[in-house]
Every structure is written in C-alpha cells, then in structure tokens.
Amino acid sequence: MSTYATPSSAVASSEFSGSFTAAKAIDASTSSYWLSTNYDAGTNIYFDLGKLKYVDKIKVWIGASTISEVFDVQFSANATDWTTVESDCSIGSYDQWVEKIITTPGNARYVKFAMKSSGNGTRYSITEVLIASTTLGYLASGTAICHPIDISALSTSLVMKWTHTTPANTTITVETAVNTTHDVAPVTWTAQTNGATVSTIPEGSLSGKYLWVKITLETIDEAVTPEISRIWFE
Ligand SMILES: [Ca+2]
C-alpha cells in the first residue's frame, strides 16, 4: 500500500522570484507557493523522490493562490525521458488537497507537472504537493550466465574467486559447466566454491571446449540483495 510523502526536492522551468521558488511547493507550508514567471505551454515543475519508487497517487494544494490550472502528470527515472501517466489534471483556484489517482501508475523517481493552461490567464502556481509511492523491493532471485571462455589452450587447473556482499537472508551461488559450443548454454551445472579449483574442467585435451559460469542471486528479504562485483581465475 502506498503512502504519501513530500518529495525531497523540486525543479521548475521558471521562478517568479526568490520568494516563489520551486522549493516552496514542498516546504510543508500551505501559505507559501511556487509561482512561474509566465504561463506559456512548456512551463513545468518536477519533483524528485530520491530514488525509483512505484507511484500511484498525488495530492495538490492550490489554496494560497487564486490560480486554477490544468496539467499533465509525467514520470521519469532520469529527469530526461518523460512519460505522460495522467492527462489534463484540473485543479481549481483555492482547491485544497485535491487527490488524483494516476491512471497508469508505475515506477518513477521524478514526477513532473507539465502545465497546459491557466484558468485566469495568469501565472502557474503550486502551493504544496504530496506524492504517494511504494518502495520497490528486490526480486526473490535472479540469474546471469556469463559469456563462455575458450579454454582450448589451458594447460593447468583454474582456481576461481569472486568478491561479493551477502547480507543476512541472501545467498550467492556460482556454478560452472564445460561444453563444446559457445552458442548454447549447458543444461547441467555444478556449484563451485570461492577460492577453489574449478571442478568441471576435465582432464585430458581441452581442445574446442568452453567454460561457462552461471551466477544466481537470491534473497528472502525484499529489502536487501546480495551483490557480486568481480569474478576471476588464477
Ligand atoms: Ca508551500
């Protein structure tokens, strides 16, 4: 279930003066507000949630201002590429805590109000904004298969090592397999031990053979994830 919070920062396409900055829309005061220098199409204000979250609702307070307005709500992960998720949100003059349920909720770090029209032909204004979101959890598991290594010319055994972090309730499994193609991943894998000789490399000729490595990360706590930063052979 999502909860409302004040965004951590705000950026506006224009600010009327130092008394009407974008930050006034998120200062927890319903007597201060952001005011634009113009009412052209293209005027906007966007809010930073601090990290990517699942966003589904907004609340807007215009109460300190006489300005009604219509805007689109847009989501972005990077503040560069924006997707419209709610069209033509209409906020009346002096409206207080108008709630808009986002038609197409989704993941966003940045939420923009892209202004479209101002009811009385004056500037745009936002007194206070709250955005409802849900913290994103880590998936229970994920697997990656590395590009295979041609071991045709290998003449000694290989010791495999990796650097990792494994918080409580998480595990990392590193497996290997050897086959004779670099196109099709093996079906059968064997778990390896950090710092030990790779057990799947056969004795005898290695001509035409490829070593494959598969990494599986697992967690039973969606708030934490294991990480593996580097794998190498000695
Ligand atoms: Ca304010």
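The values are calculated or read from the model by the stated rules, or taken from the named source; none is laboratory data. What you see is a predicted model; the values in this text were computed from it and never measured. Here Cβ is always computed from backbone atoms with ideal geometry, including for glycine, and neighbour counts include all displayed protein chains.
Only one of the numbered conditions (1) within 26 Å of the chain's Cα centre (by Cα); (2) surrounded by fewer than 14 Cβ atoms within 10 Å (Cβ to Cβ) is not met by TYR138, and that is (2).
In this structure, is ALA132 surrounded by fewer than 14 Cβ atoms within 10 Å (Cβ to Cβ) and either in a loop (DSSP other than H, G, I, E, B) or under 21 Å from the mean Cα position of the chain (by Cα) (or both)? Taking the combined requirement at face value, the residue does not satisfy it. Taken over the stretch 204-226, the criterion of being part of a strand (DSSP E or B) and over 13 Å from HIS147 (Cα atoms) is satisfied by THR216, LEU217, GLU218, THR219.
Being under 13 Å from ILE215 (Cα atoms) and either in contact with a Lys or Arg (Cβ under 8 Å, 6 or more places away or on another chain) or at pLDDT 95 or above (or both): is that true of THR190 here? Don't jump to the end; show me each part of the working.
Details: under 13 Å from ILE215 (Cα atoms): yes; either in contact with a Lys or Arg (Cβ under 8 Å, 6 or more places away or on another chain) or at pLDDT 95 or above (or both): yes.
For THR190, the condition - under 13 Å from ILE215 (Cα atoms) and either in contact with a Lys or Arg (Cβ under 8 Å, 6 or more places away or on another chain) or at pLDDT 95 or above (or both) - is met.
Can you spot a residue in the stretch 88-99 that is outside any loop (DSSP other than H, G, I, E, B) and β-branched (Val, Ile, Thr)? Yes, some residue in the stretch 88-99 is outside any loop (DSSP other than H, G, I, E, B) and β-branched (Val, Ile, Thr).
Can you tell me which residue among ASP48, ASP40 is assigned by TED's automatic domain parsing to the domain that holds ILE101 and in contact with a Lys or Arg (Cβ under 9 Å, 6 or more places away or on another chain)? Write out each step before concluding.
Values: ASP40 fails: in contact with a Lys or Arg (Cβ under 9 Å, 6 or more places away or on another chain).
Going through ASP48, ASP40 in turn, just one is assigned by TED's automatic domain parsing to the domain that holds ILE101 and in contact with a Lys or Arg (Cβ under 9 Å, 6 or more places away or on another chain): ASP48.
Hey, could you check the stretch 1-60 for residues that are touching a Ser or Thr at 6+ places or on another chain (Cβ under 7 Å), more than 24 Å from ALA132 (Cβ to Cβ) and among the hydrophobic types (A, V, I, L, M, F, W, C) and say which is nearest to the ligand (Cβ to nearest atom)? Checked the stretch 1-60; the qualifying residue nearest to the ligand (Cβ to nearest atom) is LEU35. When residues in the stretch 34-73 are screened for being surrounded by 21 or more Cβ atoms within 10 Å (Cβ to Cβ) and of a type in the set (Asp, Glu), 1 of them pass. When THR83, THR127, THR103 are screened for being among the β-branched types (Val, Ile, Thr) and surrounded by 14 or more Cβ atoms within 10 Å (Cβ to Cβ), only THR127 passes. Taking the criterion of being in a loop (DSSP other than H, G, I, E, B) and surrounded by 11 or more Cβ atoms within 10 Å (Cβ to Cβ), the residues of the stretch 158-183 that qualify are LEU158, THR166, PRO167, ASN169, THR181, HIS182.
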